[in-house]
1. Please go through region 109-159 and give me each residue that is among the aliphatic types (A, V, I, L, M) and under 16 Å from residue 22 (Cα atoms), ordered by number.
2. One residue is enough: does region 42-51 have a residue meeting the conditions surrounded by 14 or more Cβ atoms within 10 Å (Cβ to Cβ), without any contact (Cβ under 8 Å) to a residue 12 or more places away in the chain and over 17 Å from residue 132 (Cα atoms)?
3. Being over 17 Å from the mean Cα position of the chain (by Cα), at pLDDT 95 or above, surrounded by 12 or more Cβ atoms within 10 Å (Cβ to Cβ) and not in a helix (DSSP H, G or I) is the filter here, so list the residues in region 1-41 that pass it.
4. Being assigned to a loop (DSSP other than H, G, I, E, B), surrounded by fewer than 19 Cβ atoms within 10 Å (Cβ to Cβ) and on the phi < 0 side of the Ramachandran plot is the filter here, so list the residues in region 123-139 that pass it.
5. Being touching a residue at least 60 places away in the same chain (Cβ under 8 Å), farther than 17 Å from residue 168 by Cβ, of a type in the set (Val, Ile, Thr) and outside any loop (DSSP other than H, G, I, E, B) is the requirement here; does residue 75 meet it?
6. If you take the residues in region 101-122 that are closer than 22 Å to residue 8 by Cα, in contact with a helix residue (DSSP H, G or I) (Cβ under 7 Å, 6 or more places away or on another chain) and touching a residue at least 24 places away in the same chain (Cβ under 8 Å), which one is surrounded by the most Cβ atoms within 10 Å (Cβ to Cβ)?
7. Would you check if residue 94 is at pLDDT below 95 and either crowded, with 21+ Cβ neighbours inside 10 Å or not small (Gly, Ala, Ser) (or both)?
8. Kindly indicate whether residue 127 is more than 22 Å from residue 54 (Cα to Cα), at pLDDT 90 or above and of a type in the set (Lys, Arg).
Amino acid sequence: MAAYGGNSLDFTKRFGVEFLDELRFESEDYIPDIRRRCEKKLKKKHIFAENKWFLSLYEEEFRKKIVPKLEIKWINHRIGHGVFAKERIPELTYIGEYAGLVRKRKWRRDRYNSYIFAYSIARKLTRYLIDAKEQGSFVRFINHSDEPNVASHWMIVDGINHIIMHTIKPIPAGGQLTYDYGPGFWKRRTTPTEL
């Protein structure tokens, strides 16, 4: 059992994953393209309003990296680790950012990587993804459920798009945080067993 909030060296040693609590870009050349795409999206009134709403809810927690008390626990050899609440978490609570390496998609290489997340900007897919296989945060350990208690959403902060996680229903102390990976994830994988 490992409590989230320990130092990054402990996280790296325990899980074999370099701890990141923010995005890292494979190439700095991607940043101008991403900023341009974000700026273009924010010119649409409904996108601007939606982003403003999410910023009003989660910007402080995002910037200060304020997350609920969580722990990473081993479940079993089939599932691996999971993320659990150490105390009750209310609905609409910021959980964290899906942090990792932002890089271009490589379809053949990526099809069996369970730790990639689409890097969509305002629900529009891009040629990028977030790869948390070798570097990322505790969010990479949130398991799938068809009845999740956590959802993702895009949020543009300082001209850069981020994928954040937040609760969509209260989670009791000891409850596992779960997310619906979506049908695309299961196309080349075994259909999951409900936890």
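The values are calculated or read from the model by the stated rules, or taken from the named source; none is laboratory data. Just so we're clear, the structure is a prediction, and the values are computed from it rather than from any experiment. When we count neighbours, we look across all protein chains shown, and the Cβ atoms used for this are built from the backbone with ideal geometry, even at glycine.
1. Residues of region 109-159 that are among the aliphatic types (A, V, I, L, M), as a first pass: 116, 118, 121-122, 125, 129-130, 132, 139, 142, 150-151, 155-157.
Of everything in region 109-159, those that are among the aliphatic types (A, V, I, L, M) and under 16 Å from residue 22 (Cα atoms) turn out to be 116, 118, 129, 130, 132, 139, 155, 156, 157.
2. Initially, region 42-51 is screened for residues surrounded by 14 or more Cβ atoms within 10 Å (Cβ to Cβ), giving 42, 47-48, 50-51.
After this cut, where a residue has to be without any contact (Cβ under 8 Å) to a residue 12 or more places away in the chain as well, the list is 48.
Checking the rest, the ones that are also over 17 Å from residue 132 (Cα atoms) come to 48.
Looking through region 42-51, at least one residue is surrounded by 14 or more Cβ atoms within 10 Å (Cβ to Cβ), without any contact (Cβ under 8 Å) to a residue 12 or more places away in the chain and over 17 Å from residue 132 (Cα atoms).
3. 26
4. Start the filter on region 123-139 by keeping residues that are assigned to a loop (DSSP other than H, G, I, E, B), which leaves 123, 125-127, 132-134, 137.
Of the ones still in play, those that are also surrounded by fewer than 19 Cβ atoms within 10 Å (Cβ to Cβ) are 123, 125-127, 133-134.
Within region 123-139, 125, 126, 127, 133, 134 meet the criteria.
5. On the way: touching a residue at least 60 places away in the same chain (Cβ under 8 Å): yes; farther than 17 Å from residue 168 by Cβ: yes; of a type in the set (Val, Ile, Thr): yes; outside any loop (DSSP other than H, G, I, E, B): yes.
Against the criterion (touching a residue at least 60 places away in the same chain (Cβ under 8 Å), farther than 17 Å from residue 168 by Cβ, of a type in the set (Val, Ile, Thr) and outside any loop (DSSP other than H, G, I, E, B)), residue 75 qualifies.
6. 102
7. Working: at pLDDT below 95: no; either crowded, with 21+ Cβ neighbours inside 10 Å or not small (Gly, Ala, Ser) (or both): yes.
In short, no.
8. Details: more than 22 Å from residue 54 (Cα to Cα): yes; at pLDDT 90 or above: yes; of a type in the set (Lys, Arg): yes.
Yes.
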